[in-house]
Amino acid sequence: MINDKISSINKAINILKRLAEEPFEMTVLNLSNELQINRSTVHRIINILKDESLVLQNPYNKKYCLGPTAYHIGASYVNNYDQIRYMINDIALDINQSVGFVKLEGEKIINIYEVETYQPIRMGYRQGQYYPIHCGAYGKCTMAFYEPKERLEKIVYSTELVKNTPNTITDPEKLLKEYEKIRKDGYAISDEENVIGLIGIGAPVFNFNGKIIGTIASALIKSSTTKEDIEKVKMTMINGAKRISKLLV
């Protein structure tokens, strides 16, 4: 009986996690086929989640999506970082650029907060989004300081390093060397590695034990960015990361 309950909980968690990813709306049949869960079981779990407003059903296409209770739970997690959000806002205003903060949770990098107000184009970042470990300032900077290094190597070699652009690093050995460079420099630069036309600059945030917590980073439009701009943003990210680290003492 206990194993059955645990199994049902795991299935419910998998359903919620799947609805948190694109396309964000799915039918019971889609969920059943993709998650390899019996259709009647999915339907039963969905009904329970719907009763708690963890999921909602679109009345027009009959597909299910995450509901307000799921948002409430997620928002309570994000609210733990109010002071960091205020600081990110100030940094973004200072450099007149997009700035955000991601956190390392286990072996995943999750978006906590993003300011895109000062960017002429929106890049579509969203809270709760996961970032790749091998491209972009967020992913590279955060994982470069991951410990222990032995585990980091296993993560790199076991992860599919998708080539998002011609500049994306997809060779595990080259990625590990890139991590070494980032640790030495104290910051990361992504030159059109994740998105064509964008340069990302990030700096690591540590807790009181010196363990990596996450990264603050800025995204700049390459065509309108000068070397002076890059240097200013780089130093702003480094100093901002140090200030945020002090909040985590």
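Between TYR71, TYR60, the distinction of being more than 30 Å from GLY100 (Cβ to Cβ), modelled with pLDDT under 90 and surrounded by fewer than 18 Cβ atoms within 10 Å (Cβ to Cβ) belongs to TYR60 only. If you take the residues of region 140-152 that are in a loop (DSSP other than H, G, I, E, B) and at pLDDT 95 or above, which of them is surrounded by the fewest Cβ atoms within 10 Å (Cβ to Cβ)? Only one residue tops the list, namely TYR146. Among the residues of this structure, ILE48 counts as one that is at pLDDT 90 or above, in a helix (DSSP H, G or I), at negative phi and open to solvent by 90 Å² or more (accessible area, probe 1.4 Å). Among the residues examined, ILE196 does not qualify as within 20 Å of TYR131 (Cα to Cα) and either surrounded by 15 or more Cβ atoms within 10 Å (Cβ to Cβ) or small (Gly, Ala, Ser) (or both). Of the strands (runs of 3 or more DSSP E) lying entirely inside region 159-249, the ones with 1 or more residues being more than 20 Å from the chain's Cα centre (by Cα) and under 19 Å from GLN97 (Cα atoms) are found at 212-221. Among the residues of region 106-130, those that are open to solvent by 20 Å² or more (accessible area, probe 1.4 Å), modelled with pLDDT of 90 or more and not basic (Lys, Arg) comprise GLU107, ILE110.
For region 153-193, the tally of residues that are aromatic (Phe, Trp, Tyr) and loosely packed, with under 14 Cβ neighbours inside 10 Å stands at 1.
The rows are residues; the columns are (1) of a type in the set (A, V, I, L, M); (2) without any contact (Cβ under 8 Å) to a residue 40 or more places away in the chain; (3) assigned to a strand (DSSP E or B).
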residue	(1), (2), (3)
ALA70	yes, no, no
GLN83	no, no, no
MET87	yes, no, no
GLY100	no, no, yes
LEU104	yes, no, yes
ILE112	yes, no, yes
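The values are calculated or read from the model by the stated rules, or taken from the named source; none is laboratory data. Source: prediction; values computed, not measured. Here the Cβ is made from the backbone with ideal geometry for all residues, glycine too, and neighbour counts use every protein chain on show. Accessible surface areas use protein heavy atoms only, side chains included; no ligands, DNA or RNA. Shrake-Rupley method; radii C 1.70, N 1.55, O 1.52, S 1.80 Å.
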